[in-house]
1. May I ask you to verify whether residue 94 is more than 19 Å from residue 137 (Cβ to Cβ), part of a helix (DSSP H, G or I), at pLDDT 90 or above and under 13 Å from the mean Cα position of the chain (by Cα)?
2. Hey, can you tell me all the residues within region 192-213 that are free of Cβ contacts under 8 Å to residues at least 40 places away in the same chain and either over 28 Å from residue 91 (Cβ atoms) or part of a loop (DSSP other than H, G, I, E, B) (or both)?
3. For residue 78, work out the one condition from (1) part of a helix (DSSP H, G or I); (2) under 22 Å from residue 191 (Cβ atoms) it doesn't fulfil.
4. Give region 97-113 a look and list any residue that's in a loop (DSSP other than H, G, I, E, B) and at pLDDT below 90, or say none.
5. Return yes or no: is residue 54 without any contact (Cβ under 8 Å) to a residue 12 or more places away in the chain and more than 11 Å from the chain's Cα centre (by Cα)?
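The values are calculated or read from the model by the stated rules, or taken from the named source; none is laboratory data. Computed from a predicted structure; not experimentally measured. Heads up, the Cβs are rebuilt from the backbone with ideal geometry, glycines too, and the neighbour counts pull from every protein chain shown.
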C-alpha cells in the first residue's frame with residue numbers, strides 16, 4: 001500500500017511536469033490550500049502542487065481530517081508565539097501542523113471514517129501514518145525538516161511513543177508542539193463512542209500528562225497561549241466544530 005502511494009506521487013510529479021494537471025481542489029479545502037501556500041517554504045511550483053494534491057487527496061477522503069488539521073495548525077501557531085519563535089519558524093510550524101497526518105492517505109477510507117472504536121488491526125494500520133507521511137514529504141526537496149517532525153509527532157516525552165521510541169529533546173521541537181495541539185483537538189472533538197471534553201477538562205488532562213506524554217515546557221506554553229489569546233478555539237467555535245463533526249459521522253448507537 002505504501003509503495004502504491006509513493007508511485008502515485010511519482011505519477012503526480014510527471015503529470016505536472018507535462019502540464020496536464022490543473023489542481024484547483026474542491027471548495028471545501030480552499031482554506032487549507034491558502035494556508036499551505038502562505039506558509040510553504042518551497043519555491044518550486046511543481047513541488048507545491050504535489051503537496052496540494054496530497055492535501056486534497058486526504059481531505060476529500062475524510063472531511064474531518066481537514067477540520068482537524070486546520071485546528072492543529074492554528075493551535076501550533078498559538079504555542080509557537082508563546083514560545084517566542086521567529087516568523088520563519090512559525091511558518092514551518094504551521095505547515096507541520098497542517099501536514100502532520102498526511103500519511104493517512106494510505107489508510108483505508110473505511111477505517112478513517114469508522115464511527116466506532118478501532119480494533120487492534122485497524123489501530124496498527126493507523127499507526128503507519130507518521131512513517132508514510134515522512135516518506136512522502138521527504139521525497140520533496142525542501143521538506144526534510146517538516147518530514148522529520150511529521151515522522152515523530154506521536155513520540156512521547158518519556159520514550160513510550162511510536163514509531164521510534166524517541167524521548168525528551170531527541171524529538172524535534174515542532175513534533176512536540178504538534179503532539180500537544182493534536183491531543184487537545186482530539187479530546188475536545190466529537191466521537192460517536194465517547195463524549196468530547198470541555199476546554200477546561202482537556203487542559204487539565206494535558207497538564208496531568210506533562211513530563212510523561214508531553215514536554216512540560218510545551219504544556220506551559222500552551223496554557224499560557226490560551227490566556228494570552230483568550231483561547232483561539234473559543235466556546236462558540238468549539239460548538240460549531242462539534243456540530244460539523246456530528247454531521248459527518250454516520251448515526252450510530254453505541255452500547
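1. Values: more than 19 Å from residue 137 (Cβ to Cβ): no; part of a helix (DSSP H, G or I): yes; at pLDDT 90 or above: yes; under 13 Å from the mean Cα position of the chain (by Cα): yes.
Judged against the criteria, residue 94 is not a match.
2. 194, 195, 197, 198, 200, 201, 204, 205, 207, 208, 209, listed by residue number.
3. (2)
4. Across region 97-113, the qualifying residues are 107, 108, 113.
5. Working: without any contact (Cβ under 8 Å) to a residue 12 or more places away in the chain: no; more than 11 Å from the chain's Cα centre (by Cα): yes.
For residue 54, the condition - without any contact (Cβ under 8 Å) to a residue 12 or more places away in the chain and more than 11 Å from the chain's Cα centre (by Cα) - is not met.
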